[in-house]
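The values are calculated or read from the model by the stated rules, or taken from the named source; none is laboratory data. None of these values were measured; they are calculated from a predicted model. Note: ideal-geometry Cβ built from the backbone for every residue, glycine included; neighbour counts use all protein chains shown.
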Amino acid sequence: MYPEDTPTTFRNRIRKIVNLKEWWNFSMDYYKRQEEKNQREVLQKRRGVYALCKNDELNLGYEIVYIGMSINFLGRIRTHTNDKDFDFAICYDMPNLNQNEIVSIEVDLIKKYKPRYNKKGL
C-alpha cells in the first residue's frame with residue numbers, strides 16, 4: 001500500500017491485479033492483520049488488571065488461573081507464556097485509577113477467585 005492510498009484506491013488497484021475471490025481473501029487478511037496490530041498497540045499502552053484463563057471443557061466455561069496488574073498488558077502477558085498454562089487473557093483497562101487503587105483491585109480479585117498460579121497468602 002502506498003502512502004497516498006486510501007482504502008478505496010488501494011482496493012481498486014488490487015482489483016485490477018487479481019480476481020475477486022483472491023482480492024477478498026487478501027483484503028480480509030490485510031484488515032485482520034491491521035486490526036491485530038491496532039489491538040497490540042492499544043494493549044501496550046494500557047494499564048490495569050488482567051486475568052489469565054484456561055478453557056474448562058467440563059463446565060463449558062473457563063477457569064481463572066492467574067490475576068496480575070501491569071502498565072503494559074501485552075509485554076506482561078507475553079512473559080507468562082513460558083511458565084503458565086493458559087488459553088487466553090482478559091484485560092481490564094483502568095486508565096483513570098492510580099497504581100495503589102489498581103493494586104487494591106488486584107488483591108481483592110485474587111482473594112475472590114483464588115487462582116492456582118498466584119502465590120498463597122494474599
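Applying the selection to the range 81-110, what residues are outside any loop (DSSP other than H, G, I, E, B) and either farther than 14 Å from Met69 by Cβ or touching an Asp or Glu at 6+ places or on another chain (Cβ under 9 Å) (or both)? Walk me through it before giving the result.
Taking the range 81-110 and keeping what is outside any loop (DSSP other than H, G, I, E, B), we get 88-93, 99-110.
Correct list: Phe88 only.
So how many residues does the range 62-77 have that are farther than 18 Å from Lys114 by Cβ and either surrounded by 12 or more Cβ atoms within 10 Å (Cβ to Cβ) or of a type in the set (Ser, Thr, Tyr) (or both)?
Counting residues in the range 62-77 that are farther than 18 Å from Lys114 by Cβ and either surrounded by 12 or more Cβ atoms within 10 Å (Cβ to Cβ) or of a type in the set (Ser, Thr, Tyr) (or both) gives 7.
Could you look through the range 43-72, keep only residues that are among the acidic types (Asp, Glu) and assigned to a strand (DSSP E or B), and pick out the one that is modelled with the lowest pLDDT?
Filtering first and then ranking leaves Asp56.
Do we find a residue being part of a helix (DSSP H, G or I), surrounded by fewer than 12 Cβ atoms within 10 Å (Cβ to Cβ) and modelled with pLDDT of 80 or more anywhere in the range 22-35?
There is no residue in the range 22-35 that is part of a helix (DSSP H, G or I), surrounded by fewer than 12 Cβ atoms within 10 Å (Cβ to Cβ) and modelled with pLDDT of 80 or more.
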